[in-house]
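The structure under discussion appears below in the form of structure tokens.
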Amino acid sequence: MRGHEPRSTSSCAACKLLKRRCSPNCIFAPYFRSDEPKKFAKVHKVFGASNVSKILVEVPEEQREDTVNSLAYEAEARLRDPVYGCIGAIALLQRKMIQLQHDLALARACLARYVATPSVIVSSDDHHRVVTGPFDDFPVNSGVSFDSFNQNISFELNQEANMYDFSQIPYI
């Protein structure tokens with residue numbers, strides 16, 4: 001844990017930014033080293049030094065480094081997206097995951113349909129051949145149009161995916 005490493009004689013990033021003298025028992029020093037000034041600047045801009053200090057005092061010492069990392073991540077996200085912060089990033093990733101699950105389900109359905117159809121025997125004049133290649137001459141005229149099959153599955157999956165649509169909800 002960085003909190004127990006020996007400190008250099010220079011001020012921590014927090015004390016430098018706040019233009020104050022860094023004391024040996026500075027609560028910021030173990031987590032905002034002097035070589036990371038932007039880390040504290042972002043956290044300070046979003047949360048304020050006083051609030052960060054209060055948070056660190058309330059958190060058990062063994063969890064402080066994780067707390068600071070979380071604050072730094074949230075501050076970075078909040079500066080990039082002032083309205084949604086990291087919730088916006090989470091919602092974006094969830095939408096991407098739903099789209100990928102949708103695409104995977106479509107691919108599995110197409111593959112299942114292909115596997116379920118028997119081998120196709122193609123005849124032309126006096127020649128007979130059996131098509132058994134993985135995707136050679138995929139049978140699309142077997143009663144149901146392949147496009148309508150895709151649309152039906154796509155509709156069903158989109159209905160399910162709408163339950164997880166976070167684009168309309170500002171905060172979760």
Residue under evaluation Q99, criteria (1) under 18 Å from the mean Cα position of the chain (by Cα); (2) surrounded by 13 or more Cβ atoms within 10 Å (Cβ to Cβ); (3) polar (S, T, N, Q), criterion not met | (2)
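For every residue, the table says whether it meets (1) basic (K, R); (2) outside any helix (DSSP H, G or I); (3) surrounded by fewer than 11 Cβ atoms within 10 Å (Cβ to Cβ).
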position: L17; (1), (2), (3): no, no, no
position: S34; (1), (2), (3): no, yes, no
position: K38; (1), (2), (3): yes, no, no
position: L106; (1), (2), (3): no, no, no
position: Y114; (1), (2), (3): no, no, no
Picking from I55, I90, I27, which residue would you name as being open to solvent by less than 70 Å² (accessible area, probe 1.4 Å) and in a helix (DSSP H, G or I)?
-> I55
Give just the number: which of (1) over 20 Å from L17 (Cα atoms); (2) buried (at least 18 other Cβ atoms within 10 Å of the Cβ) does E61 not satisfy?
-> (2)
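The values are calculated or read from the model by the stated rules, or taken from the named source; none is laboratory data. It should be emphasised that the depicted structure is a prediction, and the values quoted were computed from it without experimental measurement. Every residue, glycine as well, gets a Cβ built from its backbone with ideal geometry; the counts of neighbours run over all protein chains shown. Just so you know, the surface numbers come from the protein's heavy atoms only, side chains and all, with ligands and any DNA or RNA stripped out. Shrake-Rupley method; radii C 1.70, N 1.55, O 1.52, S 1.80 Å.
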